[in-house]
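Comments concern the structure below.
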Amino acid sequence: MATLGAQRKHKVTVVGSGNWGTTMSKLVAENVKANPNLFDQTVQMWVYEEEVTIPKDSRHYDPSNDKPQKLSEVFNRVHENVKYLPNITVPSNVVGNPDLVDSCKDSTILIFVLPHQFIPRVCDQLVGKIMPFARAICCTKGVDVSEKGIRLMSEAIGMSLSIYCGALSGANIASEIAQEKYSETTVAYDPPPMDSRAPTPKGSPTASQVDLISPSKPVPSARSARLKALPNEYPPLSHENVRKLFHRPYFHVRMVSDVAGVSLGGALKNIIALAAGFVDGLGWGDNAKAAVMRVGILEMVRFGKEFFPDSVHTSTFTEESCGVADVVTSCMGGRNFRCAKMAIERGESIFEIEQKVLNGQKLQGTSTAYEVNTFLKSQGLEQEFPLFTAVYNILEKNVRPEDIPELIEPKA
Ligand SMILES: NC(=O)c1ccc[n+]([C@@H]2O[C@H](COP(=O)([O-])OP(=O)(O)OC[C@H]3O[C@@H](n4cnc5c(N)ncnc54)[C@H](O)[C@@H]3O)[C@@H](O)[C@H]2O)c1
Ligand SMILES: O=P(O)(O)OC[C@H](O)CO
């Protein structure tokens, strides 16, 4: 039932069109159709434009037209991302839009699903070009490290665009979800009090006047940013309504408020997956992989407690899909795990494997290992995170994968 007084509907843009971005567009498009009272029926998907040649084994291959074509044009013609999510039909209410600003400018909900290294530049292009009261959900797995320190990607998005940004992360190998195989995820959404629809007490500033976060409950993802309240004519972005955007019979959503825990789980698991791939590539078997996962989970929890003490709930890592469950799935079938394993088996660098095997898809564990190490070095705390540090040093060829057991053995 539409919220009393809500005459407008949320327009949704998925910012990203990769393997997960396209999968996310598919499930979101299914949900806007299922909730016409809440959402506009067309989902914009920003496509980072490139020329693609339709593979000969594609059902869309046309020998009379095998020249390179614009990805967005092919997508809008055949409703399939022939490069990043082949053989999956995406609902026709998803529009592939190569113009970033045009795809976002009228949307009240922005779902960021880009490799994390591209987020800052994309946000820079959107500053001042989006709805001032838009809200975002970051599905990207990574952290934002600079000389100022470490930030969650949701914080980086929120601060850059002066909007509130939540996070989605879980045991979510995209290709399985695209095939509608059962999975689950965690969505953390903890909006500013101004977004709550409690009756506005007399004398309180109206939505248009409120442009600072309430001092009583600073919103981590947009600390000191100038937030605009979501106007009452839109349905409230309650946990119930946000869940309706993502939950599917095959994609079970649990809503939480711990944005930091959800974000860190997704980012740090990619480092652990590399370590698991290294030991698996050595042929050391499941026990070795389990040992590496155990130490990695400990370091994930420690990292959250150490650097995000006022926002991370340790239970998020153990009880939610974004924690241990994501480590498990990533260390069995994730790209970071598979490429690390292949690198050891073939005696090649993981960076070469990424280029040769992923067809344009991007690993996130390698860059996250470097970014986390830069931050740990700045804090003088590499020794407190031996597995994260070992993965960095393996990538740098300072140590060998065979050295992992010694490197993670607790020091007397
Ligand atoms: N693929 C998965 O199974 C999966 C699942 C859950 C979360 N994630 C996370 O989602 C995020 C996005 O991953 P993905 O799988 O959609 O992407 P991907 O790995 O398929 O990466 C390719 C995407 O990057 C885009 N790209 C390349 N160069 C770019 C540039 N200069 N600027 C902007 N975009 C550029 C490409 O157009 C393409 O859309 C990552 O953080 C990833 O960890 C991925
Ligand atoms: O393929 P990966 O390693 O990027 O992992 C995919 C998802 O993040 C698994 O949850």
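The rows are residues; the columns are (1) in contact with a strand residue (DSSP E or B) (Cβ under 7 Å, 6 or more places away or on another chain); (2) in a helix (DSSP H, G or I); (3) within 16 Å of ligand 1 (Cβ to nearest atom).
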site	(1), (2), (3)
GLY265	yes, yes, yes
GLY283	no, no, no
ALA291	no, yes, no
GLU299	no, yes, no
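Screening the candidates LYS341, LYS362 for the property of being in contact (Cβ under 8 Å) with a residue 60 or more places away in the chain and not in a helix (DSSP H, G or I) yields one hit, LYS362.
Within the stretch 381-412, which residues are of a type in the set (A, V, I, L, M) and more than 13 Å from VAL279 (Cβ to Cβ)?
Step one: of the stretch 381-412, the residues of a type in the set (A, V, I, L, M) are 381, 387, 390-391, 394-395, 399, 404, 407-408, 412.
Within the stretch 381-412, LEU381, LEU395, VAL399, ALA412 qualify.
Of the residues in the stretch 126-163, how many are more than 14 Å from the chain's Cα centre (by Cα), in a helix (DSSP H, G or I) and among the aliphatic types (A, V, I, L, M)? Qualifying residue count for the region: 3. Against the test of being touching a Leu at 6+ places or on another chain (Cβ under 9 Å) and more than 16 Å from ligand 2 (Cβ to nearest atom), the options LEU381, LEU395, LEU387, LEU376 yield a single qualifying residue, LEU387. Only a single item in (1) under 24 Å from ILE177 (Cα atoms); (2) out of contact with any helix residue (DSSP H, G or I) (no Cβ under 6 Å at 6 or more places or on another chain); (3) assigned to a helix (DSSP H, G or I) is not met by VAL327, and it is number (2). Scan the stretch 344-359 for residues that are in contact (Cβ under 8 Å) with a residue 60 or more places away in the chain and surrounded by 13 or more Cβ atoms within 10 Å (Cβ to Cβ) and the total you get is 3.
Keeping to the stretch 106-142, report how many residues are within 16 Å of ligand 2 (Cβ to nearest atom) and in contact with a strand residue (DSSP E or B) (Cβ under 7 Å, 6 or more places away or on another chain).
Residues of the stretch 106-142 within 16 Å of ligand 2 (Cβ to nearest atom): 111-119, 137-142.
Retained after the next criterion (residues that are in contact with a strand residue (DSSP E or B) (Cβ under 7 Å, 6 or more places away or on another chain)): 111-114, 119, 137-141.
The qualifying residues number 10.
On the stretch given as the stretch 81-105, residues that are surrounded by fewer than 22 Cβ atoms within 10 Å (Cβ to Cβ) and either among the β-branched types (Val, Ile, Thr) or away from ligand 1 (no atom under 14 Å from the Cβ) (or both) total 11.
Before we move on, is GLU402 in a helix (DSSP H, G or I) and either at pLDDT 95 or above or in contact with a Gly (Cβ under 8 Å, 6 or more places away or on another chain) (or both)?
yes
Scoring SER311 on the criteria (1) on the phi < 0 side of the Ramachandran plot; (2) away from ligand 2 (no atom under 16 Å from the Cβ); (3) modelled with pLDDT of 95 or more leaves a single failure, condition (3).
When you check ALA276 against the structure, is it within 15 Å of ligand 2 (Cβ to nearest atom) and either assigned to a helix (DSSP H, G or I) or in the same structural domain as ILE137 (by TED's automatic domain parsing) (or both), yes or no? Give the steps one after another, and end with the answer.
Working: within 15 Å of ligand 2 (Cβ to nearest atom): yes; either assigned to a helix (DSSP H, G or I) or in the same structural domain as ILE137 (by TED's automatic domain parsing) (or both): yes.
Yes, satisfied.
Output the residues belonging to the stretch 309-358 that are farther than 14 Å from THR186 by Cβ and in contact with a Gly (Cβ under 6 Å, 6 or more places away or on another chain). Residues satisfying the conditions are ASN336, PHE337, ALA340, LYS341, ILE344, GLU345.
Residues checked against (1) buried (at least 24 other Cβ atoms within 10 Å of the Cβ); (2) without any contact (Cβ under 8 Å) to a residue 24 or more places away in the chain:
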site	(1), (2)
SER107	no, no
HIS116	no, no
MET131	no, no
ARG135	yes, no
THR140	yes, no
SER146	no, yes
LEU152	yes, no
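In the stretch 173-189, which residue that is part of a loop (DSSP other than H, G, I, E, B) and surrounded by fewer than 19 Cβ atoms within 10 Å (Cβ to Cβ) is farthest from ligand 2 (Cβ to nearest atom)? Residue satisfying both the conditions and the ranking: GLU180.
A residue that is outside any helix (DSSP H, G or I) and polar (S, T, N, Q) occurs somewhere in the stretch 108-125.
The values are calculated or read from the model by the stated rules, or taken from the named source; none is laboratory data. These numbers come from a predicted model, not from an experiment. Backbone-built Cβ (ideal geometry, glycine too); neighbour counts: all protein chains shown.
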